[in-house]
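Q: Below is the structure I would like to discuss, written out as structure tokens.
The values are calculated or read from the model by the stated rules, or taken from the named source; none is laboratory data. Remember, predicted model here, so these are calculated numbers, not experimental data. Heads up, the Cβs are rebuilt from the backbone with ideal geometry, glycines too, and the neighbour counts pull from every protein chain shown. Ligands, DNA and RNA are excluded from the accessible area calculation, which covers all protein heavy atoms including side chains. Shrake-Rupley method; radii C 1.70, N 1.55, O 1.52, S 1.80 Å.
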Amino acid sequence: MDDLETQGDSEDQHSRIIIHIDMDYFYAQVEEVLNPSLKNLPLGVKQRTMIVTSNYIAREFGIKKMMLISEAKKLCPELVLVNGEDLTKYRQMSVKINEIMHKFTPNVEKLGLDENFLDITKEICQKLEQDENIDQHIENVEGYIHPPIETGMSARGAFRRACCCGCDRKLILATHIAKEIRNCVFQELGLKCSAGVSHNKLLAKLVGGINKHNKQTVLLPNYASEFVASLGPVKSLTGIGEKTAQILEDCGIKTVRELQETALEQLRRKLGLEQASKLKEMAFGRDNAPVKQTGKPKSVGLEDSCSAISIRADAEEKFRHLLVRLVKNIADDGRIPIAIKVTVRKHDSVKKTSHRECKQDKILPSFFRHKDCKVVLAEGAQEKILATIMKVFERMVDLSSPFNITLLGLSFFKFQERKVGIKSIANYLIKKSDIEVQSITNLSNEALVLSDGFASNKSFSMAMDCDQMSSAGFSDSASLASLSGSESDVEPSPKKSRRMVTYLARKKESLLTATSEDELSSPSKLRVAEMRLNSKEYDQETSQSSDIPSSSKSWGGFVKNHLSSSSTPIKTSPLATISNSNTDTTSIGAGTGLPTNVDPEVFNALPADVQQELLQNWRLGNPTQSSGATSSTASSSKNTLHRYFVKNT
């Protein structure tokens, strides 16, 4: 007999407490909540020609999931159908459900739109430790117990008879929490759900399906093997699909009990050791998979099937509507997408077949802005994104030949988080206070542009707050594509898209080398602690002292080294390509404290508060605006931040 067969449930296997929450007939129930007049009617949600779900009234007529609409109508002529191809409302409700789950524990794993796993082990242990009288409240179980206990036996007694490891208190208390979660979902959203409680994810999901709808069930410990064997067909086990079930059937294995009795070696020859071992573990109800905390989705998309589209204008209009809906879907996300994927399904009328094709392209983060804590499109951005979509579309569809499109889809992906905080130049350049800012050589009107060597530094994040960029007057007239080639020529790969665009026209003249021994230690690095750019920190320090030694490597020392006037004529640089129509460049000059070797146009591209901060530091660093031209010549080329503002000479 296999070792897996002889292994019984152990105390260690009862260490976790998992709750599985499953919404009842989710799509149809959402429709009932949004339109109460649909309640008490046989209701089905359709997508194209299929019924994707129905309420329990319709199921009494024999209507099942993925049934053809024509067949469903024969079974129930009174069936009310709602179009469910637009998933927006279901996704929005799913987000609200997930938020409720997080009120009880951060250990929540989202499974599709209507299911969630919760690991409440930590919360259970805390409750048991903090409340000495909790045993008085956990004598009774909320919901059903499986297998059903003997008449006259208390729930607590049944659990203690099943296992003496002490897990009875945890499981019974978990049923009360599961009931509280379900009540909360119903009170806040009007939705009913079912729940399963057990020691692992597999058993919690399976036992929750025994009593539905709007019910919950807890599995007695040490009954895992018997419970799983009672399920019948192997396909009843989560994770076994049609293909695996067919392979097992070819081996003469049709039921879970037969799978339990089959030797591991026999399964290994057919499926390999890894999959065979996994199936045997599942057959006995063992599952060590952790509940993985689910973060924000990596992509957000929409797809709409349609009657055959054979004209470009029709496709563009369809994409326009999809784009509006897609932006609404990410409004509450808070992140900015920097790539878009276009999906089409083309129908071949000759071969009578259809196939899907997807292509993707970059989009600029400046196409979006934040308004009232929501992500919205910037002015004029819709047409720019739509132009990119149509370029991608034309790469997939030959417009010179007849075509038939039966499905169109759009997806945003490769999101970047919004950066918040004090609007200081330090917040533009760094991610954490202990990260050294490395060589930064250029600034474009859309984003900061890094050198090749610096672009690969994964410890540095250059994602900017779009609000900060828009408030600084950054223009969308030139795109990143103008620096790196056409956006639609090459699809970005996940790795390549992380690299910052390199300014191709950068001058090739080598920078001056360091001659001072104390500068050679880190000529191209500027520690954040030494920058003193944070306005709050600056206010605190200046209130204590106004004397900054010229030998210091701090921000004040750096400024003082670069304040003297230079007699060398200033040359035009690529840095001078930025212009801001909203800023009066004539107001910036030597007379107002701007050093002569600073490019006014680049300086004006910064936010107003950052400009004021720099001016104050420059004036403080050298209030007399006198000597130091010789010493500043060598150090100006080596100080990282200075290269943002000084023209290449």
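Q: Might you let me know whether the range 72-89 holds any residue that is closer than 29 Å to R286 by Cα and under 34 Å from the mean Cα position of the chain (by Cα)?
A: No; the residues of the range 72-89 include none that is closer than 29 Å to R286 by Cα and under 34 Å from the mean Cα position of the chain (by Cα).
Q: Specify which of the listed residues (I311, I336) is aliphatic (A, V, I, L, M) and exposed (fewer than 15 other Cβ atoms within 10 Å of the Cβ).
A: Result of the check over I311, I336: I311.
Q: May I pose another question? Out of the residues in the range 151-191 that are of a type in the set (D, E, K, R) and crowded, with 18+ Cβ neighbours inside 10 Å, state the one that is modelled with the lowest pLDDT.
A: D168
Q: Let me ask something additional. Which pairs have Cβ atoms under 8 Å, sit 6 or more apart or on different chains, and link a residue in the range 272-286 that is assigned to a helix (DSSP H, G or I) to one that is surrounded by 15 or more Cβ atoms within 10 Å (Cβ to Cβ) and small (G, A, S)?
A: Within 8 Å, the pairs are A283/A229.
Q: In this structure, does R91 turn out to be of a type in the set (D, E, K, R), within 21 Å of L410 (Cβ to Cβ), touching a Ser or Thr at 6+ places or on another chain (Cβ under 9 Å) and open to solvent by 60 Å² or more (accessible area, probe 1.4 Å)?
A: Details: of a type in the set (D, E, K, R): yes; within 21 Å of L410 (Cβ to Cβ): yes; touching a Ser or Thr at 6+ places or on another chain (Cβ under 9 Å): no; open to solvent by 60 Å² or more (accessible area, probe 1.4 Å): yes.
Spelling it out, it is not the case that R91 is of a type in the set (D, E, K, R), within 21 Å of L410 (Cβ to Cβ), touching a Ser or Thr at 6+ places or on another chain (Cβ under 9 Å) and open to solvent by 60 Å² or more (accessible area, probe 1.4 Å).
Q: Report yes if some residue within the range 284-296 is within 21 Å of S411 (Cβ to Cβ) and surrounded by 14 or more Cβ atoms within 10 Å (Cβ to Cβ); otherwise report no. Steps first, please.
A: As a first pass, look at the range 284-296 and keep what is within 21 Å of S411 (Cβ to Cβ): 294-296.
With surrounded by 14 or more Cβ atoms within 10 Å (Cβ to Cβ) added as a condition, the list becomes 294.
The answer is yes; a qualifying residue exists.
Q: Still on this structure, please answer the following. Could you list all residues from the range 55-77 that are free of Cβ contacts under 8 Å to residues at least 60 places away in the same chain, of a type outside the set (A, V, I, L, M, F, W, C) and closer than 12 Å to N40 by Cα?
A: Within the range 55-77, N55 is the sole residue that qualifies.
Q: Could you figure out which of (1) modelled with pLDDT of 95 or more; (2) part of a helix (DSSP H, G or I); (3) hydroxyl-bearing (S, T, Y) isn't true of S194?
A: (2)
Q: Looking for whichever is over 26 Å from E109 (Cβ atoms) and at pLDDT below 90 here; the options are K351, K296. Which one fits?
A: K351
Q: Just one of (1) surrounded by fewer than 20 Cβ atoms within 10 Å (Cβ to Cβ); (2) hydrophobic (A, V, I, L, M, F, W, C); (3) modelled with pLDDT of 90 or more; (4) outside any strand (DSSP E or B) trips up I422, so point out which.
A: Checking I422 against (1) surrounded by fewer than 20 Cβ atoms within 10 Å (Cβ to Cβ); (2) hydrophobic (A, V, I, L, M, F, W, C); (3) modelled with pLDDT of 90 or more; (4) outside any strand (DSSP E or B), the one that fails is (3).
Q: Still on this structure, I have one more. Mind checking which residues of the range 326-342 are farther than 13 Å from F413 by Cβ and either part of a loop (DSSP other than H, G, I, E, B) or touching a Pro at 6+ places or on another chain (Cβ under 7 Å) (or both)?
A: A331, D332, G334
Q: Here's something else I'd like to know. So for the range 221-241 (the condition being touching a helix residue (DSSP H, G or I) at 6+ places or on another chain (Cβ under 6 Å), part of a loop (DSSP other than H, G, I, E, B), surrounded by 23 or more Cβ atoms within 10 Å (Cβ to Cβ) and among the hydrophobic types (A, V, I, L, M, F, W, C)), does at least one residue qualify?
A: Within the range 221-241, none of the residues are touching a helix residue (DSSP H, G or I) at 6+ places or on another chain (Cβ under 6 Å), part of a loop (DSSP other than H, G, I, E, B), surrounded by 23 or more Cβ atoms within 10 Å (Cβ to Cβ) and among the hydrophobic types (A, V, I, L, M, F, W, C).
Q: Looking at L4, is it aliphatic (A, V, I, L, M) and either at pLDDT 95 or above or under 33 Å from the mean Cα position of the chain (by Cα) (or both)?
A: Spelling it out, it is not the case that L4 is aliphatic (A, V, I, L, M) and either at pLDDT 95 or above or under 33 Å from the mean Cα position of the chain (by Cα) (or both).
Q: Which of the residues spanning the range 297-308 are within 30 Å of F403 (Cα to Cα) and open to solvent by 60 Å² or more (accessible area, probe 1.4 Å)? Break it down into steps so the answer makes sense when it comes.
A: Initial filter on the range 297-308 (within 30 Å of F403 (Cα to Cα)): 299-308.
Result: S299, E303, S307, A308.
Q: For the range 221-267, enumerate the residues that are farther than 14 Å from K280 by Cα and in contact with a Cys (Cβ under 8 Å, 6 or more places away or on another chain).
A: P221, N222, listed by residue number.
Q: Then there's this: Consider the range 221-245. How many of its residues are out of contact with any strand residue (DSSP E or B) (no Cβ under 7 Å at 6 or more places or on another chain) and either more than 21 Å from I145 (Cβ to Cβ) or of a type in the set (D, E) (or both)? Walk me through how you get there before you give the answer.
A: Kept after step one, since they are out of contact with any strand residue (DSSP E or B) (no Cβ under 7 Å at 6 or more places or on another chain), are these residues of the range 221-245: 221-226, 228-231, 235-245.
Pick out the ones that are also either more than 21 Å from I145 (Cβ to Cβ) or of a type in the set (D, E) (or both) and you get 226, 235, 237-245.
Of the residues in that region, 11 qualify.
Q: If you check E132 against the conditions, is it more than 21 Å from L203 (Cα to Cα) and modelled with pLDDT under 90?
A: On the way: more than 21 Å from L203 (Cα to Cα): yes; modelled with pLDDT under 90: yes.
Criteria met by E132.
Q: Hey, another quick one. Within the range 391-414, count every residue that is hydroxyl-bearing (S, T, Y) and touching a residue at least 40 places away in the same chain (Cβ under 8 Å).
A: Result for the range 391-414: 2.
Q: Something else now. Working only within the range 249-259, note down all residues that are in contact (Cβ under 8 Å) with a residue 24 or more places away in the chain and open to solvent by less than 30 Å² (accessible area, probe 1.4 Å).
A: V256, L259
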